[in-house]
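The values are calculated or read from the model by the stated rules, or taken from the named source; none is laboratory data. All figures in this text were calculated on a predicted structure; none of them were measured in a lab. Reconstructed Cβ throughout: ideal geometry from the backbone, glycine too, with neighbour counts over all protein chains shown. The area values use the complete protein model at the heavy-atom level, side chains included, leaving out ligands, DNA and RNA. Shrake-Rupley method; radii C 1.70, N 1.55, O 1.52, S 1.80 Å.
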Amino acid sequence: MYVVDTRDCIIVSARIDYVPALIVDTNGVVSLVGFYTSDCVVASASFMENLEKVSLESKRLILQTISLEHTEDVFREFTSEITIFMYPKPAQSLRETEKIIREMILQRENHTDLVLVILKKDGLEFLGICEVGAIDTQTPELGIWLKKSAHGHGFGREAIDALKDWVDKNLEYNYLSYPVDKRNIPSRKIAESLGGKVFREFQQINKSGDLLDEVEYRIYK
């Protein structure tokens, strides 16, 4: 039997299966019984309540939860050049960008994804976005993009390091998934800097209609 004490925690995701079994006692009496097995992710109630207030700092960066005030920055910087190796495509308008950010906020409220804006500590310049998705599972997924002018300064690795540190302290997981196009060498180096190993290769068509030739890194604690 599997028992989860929910007085100080909440189950945010679970897969529960009923398994029948035959039990024979010492007197030879056979009984048909059953029990439930579960694959669940448990998080403290205080953690889930504070998800909206997540704010991380590193040497040069501040990571804050995304909000509608970042709409113009995201629309301006999330360009076709940035998304060339990514699944999403750039929004065509501020209204579309706002809709996307509202969806990100809803995902945060539903405790499934945490999207953070990356700001330069000196002056709070917007640099990009990093996220951990599927936080209600045992295999969350890391992702990041930086605006063009922020490339080549080590901001990506610094941001993901800070995010993974938060994940390690707040989530129970089997491994972190980090999918990336084979041609995106700087992003692959981020995964490898965390000890990530290629688990599989796959291809998919992104929303711009281009073929992505990807690898999935798996990162363990």
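Couple of notes before you dig in:
- Annotation: peptides 113-119, 156-162, ranked by per-residue average of other Cβ atoms within 10 Å with the highest first, follow the order 113-119, 156-162.
- Region 76-125, Rg to Rh (Cα coordinates; Rh as Kirkwood inverse mean 1/r): 1.01
- Restricting region 170-207 to trypsin sites (Lys or Arg not before Pro) in coil, as DSSP defines it, with at most 16 other Cβ within 10 Å: LYS182, ARG183, LYS207
- Stokes-Einstein diffusion for region 180-221, with the hydrodynamic radius set to the Kirkwood value over Cα pairs and evaluated at 37 °C in a medium of 0.692 mPa s, equals 304 µm²/s.
- Efficiency of FRET from Cβ geometry, SER149 and GLU172, R₀ 41 Å, rounded to 0.05: 0.65
- Rounded percent of accessible protein surface that carbon and sulfur make up, region 88-140, 1.4 Å probe: 48
- The spacing between region 156-221 and region 50-65, judged by their C-alpha centroids, is 20 Å.
- Taking a ≥ b ≥ c as the square roots of the eigenvalues of the Cα gyration tensor, region 72-221 is classed as rounded, since a/c falls below 1.5.
- Scanning residues 5 or more positions from LEU61 or on other chains, those with amide H under 5 Å from its amide H are LYS121, with H placed 1.01 Å from N in the peptide plane.
- Average accessible surface area per residue within region 88-221, 1.4 Å rolling probe, Å²: 51
- Cα-based shape type of region 149-221, given that a ≥ b ≥ c are square roots of the gyration tensor eigenvalues and the cut on a/c is 1.5: oblate
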